[in-house]
Amino acid sequence: MFFELALEDLTQAADLFRPIYDGTDRVDGWWAEAYTPEVGWALGDGLEHGDDPAWDAVEADALYDLLEREVIPKFYTRDEKGIPTAWVKRMRESMARLTPRFSAERTVREYTEQHYLPAATAYRERAADKGAVGRQMVNWRQALEQQWATLRFGDVKVQTKGKQHVYEVQVYLNDLDPKAVRVELYADGMNGGEPVRQEMKSVGQLAGASGRTVYRVAVSATRSATDYTARVIPHCGGAAVPLEEAHILWQR
């Protein structure tokens, strides 16, 4: 069953990205992710050229040049035993590096471990006790839908103390349960790295109406204080956010 689900998902993904691939002149398909000089060859400059016949001619010349100068010599240059050693070396390197990453076995295993099994576990948890957890999630989503438009940020304070930036923000939750959301500080990743997502902790409610709650967090001052932005996102134990609940409120 899991294998059939994975193949169906892969087919849908291929159909989704095929128009993008067809409209570009990038390295062929998955080879854009896999290519290194140690495992094979590649054509193109990574830019889009549309249906330009002149560029087709450039790539055709590059292909013949690559075959003549690199591919064919590597295959036909043999040692005293008749073995094309350079070709075999690249073939082995390709198999060692690429087989574990680009295989149906790896894909099905990851789909199963990271998606299908967790989804089956979540279903059992939500269905237990006559769907008690499921009802809680439905109520949670309904509350978000009714109250989200009323949420807003209040004052935002930032102080740099030594090696840390200390952020303090006010959030008007109105009638929404504070446990239904997560307030966090966000910054884009650097040099292709993962984004920074630091949860802000509630330090109490201010007097008055509108559920005005103060949140605070300290982060490293190795980055500029302006790199970070506070935001509110839905939160519920066991829920897949943003897959199941995509609301988001940014501090502006």
Report summary line: The one condition GLU80 fails out of (1) touching a residue at least 24 places away in the same chain (Cβ under 8 Å); (2) assigned by TED's automatic domain parsing to the domain that holds TRP41 is (1)
Query raised in the report: Do we find a residue being closer than 17 Å to VAL241 by Cα and surrounded by 14 or more Cβ atoms within 10 Å (Cβ to Cβ) anywhere in the stretch 157-170?
Result: no
Query raised in the report: Which one of THR226, THR213 is surrounded by 11 or more Cβ atoms within 10 Å (Cβ to Cβ) and modelled with pLDDT under 95?
Result: THR213
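Listed here are the residues, each with its yes/no results for (1) part of a loop (DSSP other than H, G, I, E, B); (2) farther than 20 Å from ARG97 by Cβ.
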position: THR36; (1), (2): yes, no
position: VAL39; (1), (2): yes, no
position: ASP56; (1), (2): no, yes
position: ASP61; (1), (2): no, yes
position: LEU66; (1), (2): no, yes
position: GLU70; (1), (2): no, no
Report summary line: Taking the stretch 106-147 and the residues there that are more than 25 Å from the chain's Cα centre (by Cα) and among the β-branched types (Val, Ile, Thr), the one that is farthest from VAL181 (Cα to Cα) would be VAL133
Query raised in the report: Which residues, taken from the stretch 152-205, are among the aliphatic types (A, V, I, L, M), farther than 24 Å from ARG141 by Cα and in a strand (DSSP E or B)?
Result: VAL156, VAL158, VAL166, VAL169, ALA187, VAL196, VAL203
Report summary line: Checked the stretch 223-240 for anything touching a residue at least 24 places away in the same chain (Cβ under 8 Å), part of a loop (DSSP other than H, G, I, E, B) and within 21 Å of GLY189 (Cβ to Cβ); matches are ARG223, TYR228
**Report entry** Restricting the stretch 84-141 to residues that are surrounded by 12 or more Cβ atoms within 10 Å (Cβ to Cβ) and outside any helix (DSSP H, G or I), the residue that is modelled with the lowest pLDDT
**Finding:** PHE102
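The values are calculated or read from the model by the stated rules, or taken from the named source; none is laboratory data. Not measured: the values here are computed from a predicted model. No Cβ is skipped: glycine too gets one built from the backbone with ideal geometry, and neighbour counts run over all protein chains shown.
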